[in-house]
Amino acid sequence: MTIRVLIADDQDLVRTGLAMILGSDPDITVVGEAVDGVEAVALARELRPDVCLFDVRMPRLDGIEATRLLAGPDVDDPLPVVVITTFDVDEYVHGALKAGARGFLLKDAGPALLFQAVRAAVAGDALIAPSVTARLLSAFVETPLRTPPMQPTEPLTEREEDVLLTVARGRTNAEIADELYISLSTVKTHLASIMAKLGARNRVEIAMWAYETGRMDG
């Protein structure tokens with residue numbers, strides 16, 4: 001199956017570079033490019049790509065609002081969105097993830113992580129780059145004026161807590177299975193249960209909850 005990707009970034013060089021990298025994969029096709037958030041939302045609604053790759057900072061409408069309009073909790077048929085950021089600059093990534101983004105990438109992430117992020121989003125998963133997860137999520141958990149973390153509808157089991165921590169560390173399902181000595185289907189079952197209890201839509205929100213509740217402080 002060909003994966004159709006929409007790219008939105010106000011920098012021509014970044015857009016061109018992303019398109020060239022993605023176009024080098026025979027299974028990925030760039031179906032559109034947008035120079036700002038308004039154009040990105042319009043193109044996304046028209047083209048219905050498999051993945052939207054959005055910069056956080058864009059003119060007219062930033063990546064957070066664009067993400068919310070396409071993937072937010074009030075959207076009936078959300079589109080997969082991956083946001084791109086520069087860690088030391090973009091304090092809005094947390095908001096983008098809350099708005100429904102399925103993952104984030106640093107602009108210097110490299111082709112391998114870019115491909116992983118796109119494929120994870122298509123699979124209904126979310127890429128959390130292990131090299132930046134702790135730094136990024138910890139930074140936003142410490143920011144003031146945050147809303148209190150959501151409360152689970154019922155307590156997590158001991159095994160669900162184990163899975164929760166591995167997700168927050170950026171592990172893939174296969175890595176979680178190996179680390180906890182359980183099957184891949186069992187990992188998926190635990191993830192579904194955790195998401196249901198937390199009201200989380202994806203593993204990014206699971207990871208943020210783990211940080212917000214202090215589970216990663218140790």
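The values are calculated or read from the model by the stated rules, or taken from the named source; none is laboratory data. Quick caveat, the model's predicted, so the values are computed rather than measured. FYI the Cβ positions are ideal-geometry reconstructions off the backbone, even for glycines, and counts take in every protein chain you see. Each accessible area value is taken on the protein alone, full model and side chains, heavy atoms only, with ligands, DNA and RNA left out. Shrake-Rupley method; radii C 1.70, N 1.55, O 1.52, S 1.80 Å.
Pair-distance distribution of segment 158-213: all C-alpha pairs, bin width 10 Å, starting at 0; shares per bin in whole percent are 26, 62, 11. By accessible area, using a 1.4 Å probe on protein heavy atoms only, segment 158-213 has 53% of its surface on carbon and sulfur. Per-residue extension of 0.36 nm, minus the Cα-Cα distance of Thr16 and Met150, leaves a gain of 44.3 nm for this segment. Near Arg215, no amide H atom lies under 5 Å from its own; only residues 5 or more places off or on other chains count, and H is placed 1.01 Å from N.
For segment 12-112, GluC sites (Glu not before Pro) are listed when DSSP marks them as loop and at most 14 other Cβ atoms sit within 10 Å of their Cβ; the list is Glu91.
Simple point charges give the picture: +1 on the Cβ of Lys and Arg, -1 on the Cβ of Asp and Glu, and for segment 158-213 a dipole about the Cα centre of about 240 debye.
In the assembled protein chains, Arg119 presents an accessible area of approximately 90 Å² (probe radius 1.4 Å).
Remark on Ile3: its backbone amide H falls under 5 Å from those of Ile28, Thr29, a criterion applied only to residues 5 or more positions apart or on other chains, H modelled at 1.01 Å from N.
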